[in-house]
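Please read the structure below before turning to the comments.
The values are calculated or read from the model by the stated rules, or taken from the named source; none is laboratory data. Nothing here was measured: the structure is a model prediction, and the numbers come from that model. Heads up, the Cβs are rebuilt from the backbone with ideal geometry, glycines too, and the neighbour counts pull from every protein chain shown. Only protein heavy atoms, including side chains, enter the accessible area calculation; ligands, DNA and RNA are left aside. Shrake-Rupley method; radii C 1.70, N 1.55, O 1.52, S 1.80 Å.
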Amino acid sequence: MELEDSCYPLLREVWISTEAEQAFRDVDWAILIGAKPRGPGMERSDLLDLNGQIFQMQGQALNKVANPDCKVVVVGNPCNTNALIAMQNAPNLKRENFHALTRLDQNRARSQLAVKSNTHYGAVKNVAIWGNHSTTQVPDFVNATILGEPAEKVIDNQDWLEQEFTPVIQTRGAAVIKKWGRSSGASTAVSISNHIRSLLEPTPEGDCFCMAVCSDGNPYGIEEGLIYSMPLRSKGDGSYEICEDFEINDYLREKMVKSEEELVNERNCVKHLIGETGGACQIMEDTMLPGEN
């Protein structure tokens with residue numbers, strides 16, 4: 001009802017189905033939002049398995065009936081591994097067309113750098129989010145610019161960048177819940193719109209956008225076969241390229257590897273859902289973002 005009442009200029013029809021193969025038939029875009037929240041006493045490995053079954057089914061349905069060039073945006077958490085499960089169950093679709101949402105993290109990072117430097121967020125460019133959409137995510141201030149200058153030079157406070165900025169982005173969802181008693185709503189919706197728009201409009205010179213995408217063939221040594229957030233650029237035709245010119249210093253590398261290891265562990269937990277055998281499920285630390293439990 002509210003969709004109709006909002007008079008969106010591109011909205012033509014609202015059609016509701018509880019059958020995945022009906023809902024996904026011939027779709028060009030699939031935005032997968034729903035996921036089961038963690039219940040009392042549930043381990044993260046349990047949640048990976050339960051939600052994984054949802055995304056296994058959705059991937060299989062997309063494989064059968066979606067447009068072969070369909071773009072799939074996974075929002076339901078843990079979104080990186082859910083996107084991996086959907087991708088592995090949809091071999092008829094292109095692997096590069098499966099994305100997990102990390103644009104909200106990127107928007108948060110851009111905003112915090114703007115506030116600290118007393119500038120508008122539009123002056124902050126080339127901010128990247130690396131890795132998993134969890135508290136191991138890596139907000140990249142090393143390659144960011146503010147008014148065309150390196151962010152580290154403009155802010156000139158390495159302690160703040162490493163010890164305050166980074167954990168603020170990693171735990172921003174918790175701050176929202178503490179303030180309002182609920183997880184992010186409007187900012188998540190905006191970030192989904194930003195995510196799609198970034199693929200349909202050329203990336204401005206000197207900037208990037210972030211999504212978690214298939215790591216196959218990446219230039220940063222990240223293990224292949226993961227859904228890993230990286231800086232991207234697009235010509236506006238729905239496709240993207242991984243940026244190859246980002247500096248990875250020791251600080252970034254250490255944190256990127258930690259997030260990579262977490263994603264490898266999550267993949268091991270869901271191998272039975274992606275047609276693979278072996279692999280021990282070892283979730284050693286609870287890095288789940290607030291709102292998932």
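Structure values in brief
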{"quantity": "Residue selected from segment 131-178 under the condition of a type in the set (A, V, I, L, M) and closer than 22 Å to residue 254 by Cα, by the criterion most open to solvent (accessible area, probe 1.4 Å)", "calculated": "168"}
{"quantity": "Residues being in a helix (DSSP H, G or I) and open to solvent by 80 Å² or more (accessible area, probe 1.4 Å) - total across segment 10-29", "calculated": "1"}
{"quantity": "Pairs where the first residue, in segment 161-181, is on the phi < 0 side of the Ramachandran plot and the second is in a helix (DSSP H, G or I) and surrounded by fewer than 14 Cβ atoms within 10 Å (Cβ to Cβ), C-beta under 7 Å, 6+ apart", "calculated": "none"}
{"quantity": "Conditions (1) among the small types (Gly, Ala, Ser); (2) exposed (fewer than 15 other Cβ atoms within 10 Å of the Cβ); (3) in a helix (DSSP H, G or I): number failed by residue 259", "calculated": "(2)"}
{"quantity": "Qualifying residues in segment 110-121 (those that are outside any loop (DSSP other than H, G, I, E, B) and more than 20 Å from residue 199 (Cβ to Cβ)) - the one most open to solvent (accessible area, probe 1.4 Å)", "calculated": "121"}
{"quantity": "Breaking point among (1) surrounded by fewer than 23 Cβ atoms within 10 Å (Cβ to Cβ); (2) touching a residue at least 40 places away in the same chain (Cβ under 8 Å); (3) of a type in the set (A, V, I, L, M), for residue 100", "calculated": "(1)"}
{"quantity": "Test: residue in segment 169-181 that is modelled with pLDDT of 95 or more and of a type in the set (A, V, I, L, M)", "calculated": "yes"}
{"quantity": "Hits in segment 30-79 (condition: over 16 Å from the mean Cα position of the chain (by Cα), surrounded by fewer than 21 Cβ atoms within 10 Å (Cβ to Cβ), at negative phi and not in a helix (DSSP H, G or I))", "calculated": "36, 37, 38, 39, 40, 42, 43, 67, 68, 69"}
{"quantity": "Residue 239 being modelled with pLDDT under 95 and surrounded by fewer than 19 Cβ atoms within 10 Å (Cβ to Cβ)", "calculated": "no"}
{"quantity": "Some residue of segment 244-251 being open to solvent by less than 20 Å² (accessible area, probe 1.4 Å), within 23 Å of residue 44 (Cα to Cα), modelled with pLDDT of 95 or more and hydrophobic (A, V, I, L, M, F, W, C)", "calculated": "no"}
{"quantity": "Verdict on residue 212 being among the small types (Gly, Ala, Ser) and either open to solvent by 70 Å² or more (accessible area, probe 1.4 Å) or at pLDDT below 95 (or both)", "calculated": "no"}
